[in-house]
Each structure stands twice: as structure tokens, then as C-alpha cells.
């Protein structure tokens, strides 16, 4: 566990706010990825070391708005983008691939991430939840594009990863569409009791994120390949950052960290340290970055 320090005190004092507003000076564009146009945001000096933050299923670049100014103040250029099928990248998808495909798959998300990383060079990369799986696959495919890897609340499992989720694991074997519906129901009805400003934004982006995309992603998470040995073989610094109330038990995160050679940082929060513990997360990411130099 982390101890009470300045980062924790700053996190405890976070106010509710409008999650759509990025810091002044943030650059917005639409990146031409293999799956279509991806909404992207960037902040910091163009020649500074890169940090690329990848959101998870039903998420968006706005999940990292609190991390942006902290990492930029430390001398980094920070970037994020909406995954294909999500929020402001909702129009991107397998129909734009060459040749077109019928569904979202791991290759689509990995190829998009590799294209983002190729557009600027090697970066420190964070993958959030499902995107942790995507970043691991991208690392195996293109290790030259990674300076370090942070897995934030990523599934520490293979196969049907929801079987390991606390409380609901024993009843998680169902169709991807039904499982996705349950996940979306929990988000919309704010079972995690997130503040009013946050849940308002979350409901807004869910209204435009494609349901077929979420169904496909949940299906992917129910058939996750075992690539841990390949990830372990890439000799860059790795961090697993999780809340002590994460969906997956701490013991599973510890065991997975041992498999891939990662350090574990645990925070007094849930599945979204980027929202509720950004200063503690940034502190540990900066230590990771220093180890990569």
C-alpha cells in the first residue's frame, strides 16, 4: 500500500468538475488510423519525451484529464485518443480496414495503437483495463516503440478474464452481449457512486459509443490469449497500477506482475486510479520513467 504523503493529500482534495475540459494549450486533432479517424489530444512541448495514455472499453481520452497537467509539468508531452468505436472516434471501426472486417478485434486496436506510436516515436505507454491487453500485444509486436509500460487496472488473467472478477466471477459465463449489457447498466446507474460531474460526462459519451463495439470488446476479453511470457521477454520497466478495491483481487495482480517482471503500486481506490488517485499514479509513473532512462 502507498502511505499518506503529499500525492495522497492532493488526491483526497480533488473537486468535482467538467471532465470535458482539458488544460489550456491542449492540441486536438483527428489521427488517420487504419480503422478510421481517431480523436486525439496532446499537451506539452513537441520535443519532450512522449507519454501515450490509452483508455479502456466504454472510456475515452477524458479519463486522463487529471494526469495531463501533472505529467506535462514534469517535462513530458502527454497524448491520448479515443479508441475506435468510442466517443469522438465512434465512426472508426472494422468497416474502414483494408480489406474491411465484420467485427472489432485485437488486431484492429493494436494496429491503431502502433500507428499512433509510429507518429512521433517511442513513448512511455499506459493501458487502462482492456487497453492494458492491447498495449501488451502492441509491446510484443513492436517493442521498439515502448520506453516503459504501465498497466492500470488491466485484467491479470487470460482466457475468460471476467471469471477472476470479485463477487461476480462465478456467474460471468454468459454471452458477450449480455455481459456488456450488465456492465453498461452498472455504469449508467452509477453503482460506483461517482460525483455528479463525472457521471454526467460518462452518460454523455455512452450515448454515442457504439454498442456493437462494446459487445465485441467484451467478447475479446472473454477469450484473451496468454502473452505474459512474451511481455516478460521485453526488457523495459513495467508497472502494474491498481486500486485496492479493483475488480480483480490483489493476489492476481501480484501474481501477474511476477510473471511479466513488473512492480506493483496499489492505491486506496477502485478501478480508476487515473480519476481518483492521479497524483499518486503520476508519482509512480515518473519513477518508472526515470528507470527507463
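Only the coordinates and a few stated rules stand behind these numbers; no lab work does. A quick note: this is a predicted structure, and the numbers were derived from the prediction, not measured. Because the Cβ atoms are built from the backbone with ideal geometry, glycine has one as well, and the counts that use them run over all protein chains shown.
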What nm value, rounded to one decimal, do you get for the distance between residue 251 and residue 101 when each label is placed 7 Å out toward the C-beta?
3.6
Computed over region 158-293, Cα set: Rg, Dmax in Å
16.5, 45
Orientation-averaged projected area, Cα convex hull of region 1-95 (nm²)
7.7
Full extension between residue 144 and residue 291 adds, at 0.36 nm per residue less the Cα distance, a length in nm of 51.3 nm
Label-point separation (nm) for residue 168 and residue 211, each offset 7 Å from Cα along Cα-to-Cβ?
1.7
Can you give me the C-alpha center-to-center distance between region 208-283 and region 23-52, rounded to a whole angstrom?
23
Show me 9-19, 272-282 ranked by packing, highest mean number of other Cβ atoms within 10 Å first.
272-282, 9-19
Beyond 19 Å, what percent of the Cα pairs of region 64-222 remain?
61
Between residue 158 and residue 47, Cβ-based FRET efficiency (R0 41 Å, step 0.05) works out to 0.55
Mind checking the log10 I(q)/I(0) for region 55-146 at q = 0.13, 0.14, 0.16 Å⁻¹? Debye, one equal scatterer per Cα, no solvent, two decimals.
-0.45, -0.52, -0.67
Where does the chain land at 222 nm, in deg cm²/dmol rounded to the nearest 500, when only DSSP H runs of n ≥ 4 count, each adding -39500 (n - 2.57), divided by all residues?
-10500 deg cm²/dmol
Row for the chain, column shape: gyration tensor on C-alpha, a ≥ b ≥ c, rounded if a/c < 1.5 i.e. under 1.5, prolate if a/b over b/c, else oblate; value rounded
Using 0.36 nm per residue, how much length does the chain from residue 244 to residue 189 gain when fully extended, once their Cα-Cα distance is taken away?
17.5 nm
